Amino acid sequence: MGGLTQGPRGASRRCRSTSAAILALVALTGCEPSGSPDQERLASEAQPAAPLSLPALQRQYESLKRQLAKQAPPGHYIVVDTAKNHLLIKRGAEVLLDAIASTGSGVILDKPDQPGTRWVFDTPRGEFSIQTRLTNPVWIKPDWAFLEEDQEIPANPADRAEPGVLGDYALGFGKGYFIHGTLYTRLLGKNVTHGCIRLNDQDLLTTYKLAKIGTPVVIF
């Protein structure tokens, strides 16, 4: 596993354009064109405007939703909420999947052979994209997996391979992080992983079918 990766430039531009759209909407709903000094003085002396009616607020809300939806990536995209441990697959504003997930625990493990360095088991936040799509993935256990179990790190690389623990599919989004299955479905909804994102079998299958190479992944 690794640290945060740089998201695609296109995604960054989309975020900037979304922010610009929100600021523009705030400006449009909160400001009026300025007039003469006398008009400004009269306005300052006037009573506050009456609050908008509920139908007017609903119209503004729907208008804002439509404009924000236009800023969404084209096609499917994945959103992961690490606080609530949910994975969403969306198309525009439409939610195609709302799955309970497990994300990084935040646990810290010191590296015994490198004093002052450590592993931090967080799910990285930021903008990514699906880079690999694997079927029947085999977990190649890293050093920390043996240290956690008080086992010696094997000299033979073949001894690191552990099939059957990642589910039927794995979707890589950079630096060793994957969306994959789990044997421990009772822990879904909790922050218990070493940084990867776990799903149950059915949600993983749906995610694998909808997510292609290049599908955007936004994690917060």
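Ranked by Cβ crowding within 10 angstrom, fewest neighbours first, how are F146, F173 ordered? Provide the component values of the computation, followed by the final result.
Values: F146 15, F173 25.
Arranged by neighbour count, lowest to highest, F146, F173 become F146, F173.
Please give the peptides 136-142, 114-120, 214-220 ranked by average Cβ packing (other Cβ atoms within 10 Å per residue), highest first, as a rough proxy for protection. Provide the component values of the computation, followed by the final result.
Working: 136-142: 15.3, 114-120: 10.7, 214-220: 19.0.
My ranking of the peptides, most packed first, is 214-220, 136-142, 114-120.
For segment 72-219, what log10 I(q)/I(0) values come out of the Debye formula at q = 0.12, 0.15, 0.20 1/Å, with one point per alpha carbon and no solvent?
Debye output, listed in q order: -0.50, -0.77, -1.27.
Could I have the simple spin-label model distance between K175 and E148, label points 7 Å from Cα toward Cβ, reported in nm to one decimal?
Each label point lies 7 Å from its Cα, and together they span 1.8 nm.
With contacts defined as alpha carbon pairs under 8 Å and 6 or more residues apart, what's the relative contact order of segment 114-220 in percent? Let's see the in-between values first.
Working: 171 pairs, mean separation 39.3, N = 107.
It comes to 37 percent, rounded to a whole number.
Using the alpha-carbon centroid of each, what span in Å lies between segment 167-192 and segment 94-127?
Segment 167-192 and segment 94-127 have Cα centres spaced 11 Å from each other.
Could the peptides 175-186, 51-62 be put in order, highest first, of the mean number of other beta-carbon atoms found within 10 Å of their residues?
For the peptides 175-186, 51-62, the packing ranking is 175-186, 51-62.
Please enumerate, by chain and number, the lysines with C-alpha under 30 Å from the C-alpha of K209, excluding those fewer than 8 residues away in the same chain.
The reachable lysines, counting only those whose Cα sits under 30 Å from K209, are K65, K70, K84, K90, K141, K175, K190.
Ranking request for peptides 88-99, 188-199: highest mean number of other beta-carbon atoms within 10 Å first, then the rest in descending order.
Highest to lowest by the protection proxy: 188-199, 88-99.
Every number here is computed from the coordinates shown, using simple stated rules; none is lab data. What you see is a predicted model, and the numbers here were worked out from it, not measured in a lab. Virtual Cβ from ideal backbone geometry, glycine too; neighbours counted across all protein chains shown.
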